[in-house]
Every structure is written in C-alpha cells, then in structure tokens.
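Data first, discussion second: the structure below is written as structure tokens.
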Amino acid sequence: MKTSMIAWIAGVVAVTGLYILGPVLWFNRAEPAILGMPPLYFWFVLIPIVSPAILGAVYLIDRRAGGIGTGVRD
Amino acid sequence: MDPMQIVLGVVLLGVLLVTWLGIQGGTKASRTLEGWVVNNRGMGPVMTWFLLGTEVYTAFTFLGLAGFAYARGGGVFYNVATNDVGYALGFFVLPAVWLLGRRFGFVTQADFISGRYQSRALGIFVAFCTALIMIAYVDLNIEGLGAVISVLLEGRVDLTEAEVLGFVILTLAVFFGGIKGSALQSAVKDILMFVSIATLFVVVPLTYFGDFGTMFQRLATEVPARITMPGPTGKLGLSWFVTTVLLTGFGQWMWPQWFNVAYTGRGPRTLKLQAVFMPFYQLVKVAVITVGFAAILIFASHPVPGNNVVMLLAKLIANIAVFVVVSLLTRPVDTSVTDRFFAAIYTRGAPLAAEPVAARASLAE
C-alpha cells in the first residue's frame with residue numbers, strides 16, 4: 001500500500017509538474033518551431049501522450065504492490 | 001430540396017435513433033434506484049471511459065474551446081492540462097469513493113457527504129447545491145444547442161421551440177434509460193464527435209492553408225501573441241495559467257456529475273484503468289484548439305463571435321456539417337448530467353449508520 005501510494009503521489013506530481021513547468025520555464029513562445037509546431041502547441045500535444053505512460057507505470061506499480069482495492073474482483 | 005432541410009432531416013433521424021438506443025438499452029438496468037443511477041456498479045473500463053468522456057467533453061469542448069482559442073489565445077491550453085491533473089488525482093480518489101460507495105450503498109455525492117460526516121442536513125444541503133449546479137449546467141448545454149441551430153438554420157427556426165424539444169427528448173431518455181442508457185448514447189455521441197473533430201482538424205488546415213506546416217508558420221509569424229500567453233486580452237498570463245490549472249485540476253472531482261462516475265464502475269481496477277486512458281481524450285481538445293487557432297487567420301478580416309467559429313467553418317466546408325451537427329445534437333445535453341440532477345432531487349435515506357472509522361478502514365482493503 002505504501003509503495004503504491006508513493007507511486008501515485010509521484011505520478012500526480014509528475015503530470016502536474018510537466019503541464020505547469022513546461023510553459024513557465026520555456027515553451028510559452030511561438031518560435032522556433034518544434035517538429036513544425038509552435039513550442040506551446042507542441043508541449044500540449046506531447047504531454048497528453050506522456051501522461052498515460054506515467055499513469056500506466058503507476059498502475060503497474062500499484063498492481064504489484066497491492067494498492068487500494070486490489071483485492072476486489074472487477 | 002434545400003440542403004439544410006436534408007441536414008435537419010438527418011439530424012432528427014440521428015437524435016431519434018440515439019434516444020431509442022438509450023431507452024431500449026437502459027430500461028432493463030434501470031428498474032431499481034441503484035440500477036438507474038449507477039447501473040448497479042457494473043460498468044467496465046470501456047463504458048466508464050465513454051461515460052466520463054461525455055461528462056467532461058460537452059458542447060463547450062466542441063464550440064466553446066475553439067471560441068476560447070480564437071478569442072483569448074494560448075491560455076486555452078489550461079483546459080488540456082486541468083483534466084489530466086484531475087485524472088492523475090482520480091487514480092486513487094475514485095477507487096476510494098467506489099469502495100465506500102459499495103460498502104455503505106452510496107449512489108450520489110450527497111450520500112457520500114451525508115455518510116462521511118454523519119449529517120443528514122449536510123447531505124440534503126449538498127443535494128440541493130447539486131441540483132442548482134446541474135440546472136446551470138443543463139442550461140449551458142441547451143444554450144450550446146441554440147448556438148448550433150442558430151448558425152445552421154440562420155434564424156429560420158424558433159430557438160425556444162428547438163430548445164424545449166431538445167429538453168423533452170433528453171428528459172424522456174434519462175427517465176427511461178437511466179445511466180446505462182446515457183452511457184450507450186455517450187458511446188455513439190463520442191464516436192460521432194471523434195469523426196467530426198478529426199475531419200475538421202484535417203480539412204480546415206488543408207483547405208485554407210494547403211498544409212499544417214504553413215498554417216503553423218503563419219500563426220507563429222503573423223499572430224504570435226494570439227497563440228501564446230497572456231494572449232490578446234493580456235490577462236491570461238502564466239500566473240493565471242498555473243493557479244487555474246491547480247484550482248480546477250485538484251477540484252475536478254468535486255463536480256457532482258464527475259464524482260458519481262466512481263459509483264458506476266465495476267470496481268477499483270476499472271477506475272484506475274480509466275485514469276490511465278482518459279488523458280488520450282485531451283488530444284480531441286488539442287484538435288479543437290487547432291481549429292480555433294486556424295480561425296484567427298481565416299476570419300482575420302471579418303471577426304465573428306467565438307462560439308460560432310466551429311459551426312461557421314463546418315458550414316463553409318458544407319459536406320462535413322452533417323457529422324458535426326449530428327454529433328452535437330444526438331445529445332443536446334449531457335444526459336448523465338440530468339441523471340445526476342434527478343438523483344440529487346431524490347433524497348434517499350441518508351446512510352447515517354455508516355461508521356466513519358469503518359469507512360476509513362475499508363480504504364485499506
């Protein structure tokens with residue numbers, strides 16, 4: 001339970017941090033283009049793809065560590 | 001025959017078919033209160049994904065978000081960030097809510113509050129607030145319906161009549177179909193929405209700019225301030241962005257209609273999988289935002305109302321208007337929202353017997 005909780009908190013911090021810090025630190029600009037896209041636009045295309053990967057990792061850790069409700073069959 | 005009459009005919013047929021699907025598919029499961037409101041806690045990951053998708057992605061996503069991008073610039077990306085923060089949070093919160101719901105028989109947010117705080121009065125107050133919020137939410141979406149019809153038919157149909165008709169259809173679908181009918185309708189609506197948004201996303205840049213690269217290059221060189229923050233209004237800066245994402249992201253599950261999705265899931269695993277896959281939905285928002293940005297250049301010489309941008313572009317590229325309109329009108333209002341409204345009105349026996357200590361203990365199951 002403790003491991004899964006830590007993984008979940010890390011996941012929340014990672015997703016929130018990526019969304020917030022990207023524009024704040026660098027991506028809030030129109031040029032230079034990244035893969036043909038304005039940087040801010042590029043960032044918000046990238047993170048919705050990265051986010052499921054982060055939460056997918058949290059899911060796997062949670063399952064292995066017996067996270068909340070793991071014992072319930074569904 | 002007037003092309004718009006054909007569009008209207010297709011729309012009407014689509015609305016009737018989807019309403020029938022919802023009523024037909026949901027009636028059997030809706031014979032009990034638990035069946036009607038939360039489908040006996042029996043929805044798998046796919047249906048829960050569609051259900052939450054339709055709760056989150058309403059007429060605002062389709063019409064308002066493009067309008068926001070068009071009128072207020074890069075600040076619109078807050079809306080992409082906020083839901084994903086909420087999904088990450090929901091990975092733990094929703095299974096916890098589900099476990100407590102199953103243990104103590106909660107089917108609404110008001111039940112949950114009432115049980116956790118051992119206060120029937122608080123539960124009734126939350127139910128009352130839920131009903132009030134849902135009235136505003138239903139009204140917002142009915143307004144969206146009005147915006148679609150006004151652009152499509154150029155004022156040839158009485159808006160009030162159309163909105164009343166939409167509301168009657170919605171009420172029938174909810175009353176007989178319950179949450180399961182709503183989920184089935186959601187699946188159809190979402191697939192139509194994906195098709196229409198994907199079509200607009202591809203066709204608009206190709207039609208007006210030749211390719212995506214040219215469009216992005218023109219946006220970056222001609223209107224850089226319109227695609228970044230703080231945008232043309234000068235008010236939506238980075239501090240606004242950060243605080244808005246944190247506030248709305250962390251507060252996401254306080255919305256009663258989203259909170260209740262936790263009860264419809266088959267179990268914690270369903271809700272965790274949903275949290276993993278929901279962020280993909282945000283790409284739909286990015287596609288809508290792209291259309292809104294394209295509109296900045298397309299309507300540069302003759303500004304239009306932001307909320308009409310999507311429908312105007314769909315009309316300009318007339319052959320895809322049918323997809324857009326049917327996807328919006330098959331569910332003029334998120335029917336599951338109305339479900340919550342009626343559920344909030346229904347004041348069931350507040351589960352005062354629920355022991356807070358036992359409830360906390362059950363989280364550790």
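The values are calculated or read from the model by the stated rules, or taken from the named source; none is laboratory data. Keep in mind that this is a model prediction, so the values were computed, not measured. Because the Cβ atoms are built from the backbone with ideal geometry, glycine has one as well, and the counts that use them run over all protein chains shown. Areas reflect the complete protein model, heavy atoms only, side chains present, ligands, DNA and RNA absent. Shrake-Rupley method; radii C 1.70, N 1.55, O 1.52, S 1.80 Å.
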In the A-B interface, the accessible area buried, summed over both sides, Å² (probe 1.4 Å): 3700 Å²
Can you give the angle from 0 to 90° between the axis of helix A:39-65 and the longest principal axis of chain A, with both taken from C-alpha atoms, to the nearest 10? 10 degrees
Taking loop as defined by DSSP and a crowding limit of 12 other beta carbons within 10 Å, which trypsin sites (Lys or Arg not before Pro) in region B:204-246 fit? B:235
Please determine, in degrees from 0 to 90 and to the nearest 10, the orientation of helix A:2-22 with respect to the longest principal axis defined by the Cα atoms of chain A, where the helix direction is its Cα long axis. 10 degrees
With a 1.4 Å probe and every protein chain left in place, tell me how much accessible area residue B:161 has, in Å² to the nearest 10. 130 Å²
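Can you tell me the alpha carbon radius of gyration of region B:152-213 divided by the globular rule-of-thumb value 2.2 N^0.38 Å?
1.63
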Regression test value, accessible area per residue of region B:86-149, probe 1.4 Å, units Å², expected 37 Å²
Using a 1.4 angstrom probe on the protein heavy atoms only, line up B:156, B:269 by accessible area, largest first. B:156, B:269
Run the count for the protein assembly as shown, please: Lys pairs, Cα-Cα under 26 angstrom, 8 or more apart or on different chains. 12
Carbon plus sulfur, as percent of the 1.4 Å-probe accessible area of the protein assembly as shown, comes to 69 percent
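For residue A:5 and residue B:175, what is the calculated FRET efficiency with R₀ set at 35 Å and r taken between the beta-carbons, to the nearest 0.05?
Once rounded, the FRET efficiency stands at 0.25.
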Between A:15, A:58, A:24, where does the largest GNM mean-square fluctuation fall for chain A, given springs only between Cα atoms within less than 10 Å? A:24
Per-residue SASA entry for residue B:99, accessible area with 1.4 Å probe, Å² rounded to 10: 0 Å²
Grab the alpha carbons of the protein assembly as shown, take their convex hull, and tell me the volume per residue in Å³. 132 Å³
Within region A:44-74, report the trypsin sites (Lys or Arg not before Pro) that DSSP leaves as loop and that have at most 10 other Cβ atoms within 10 Å. A:73
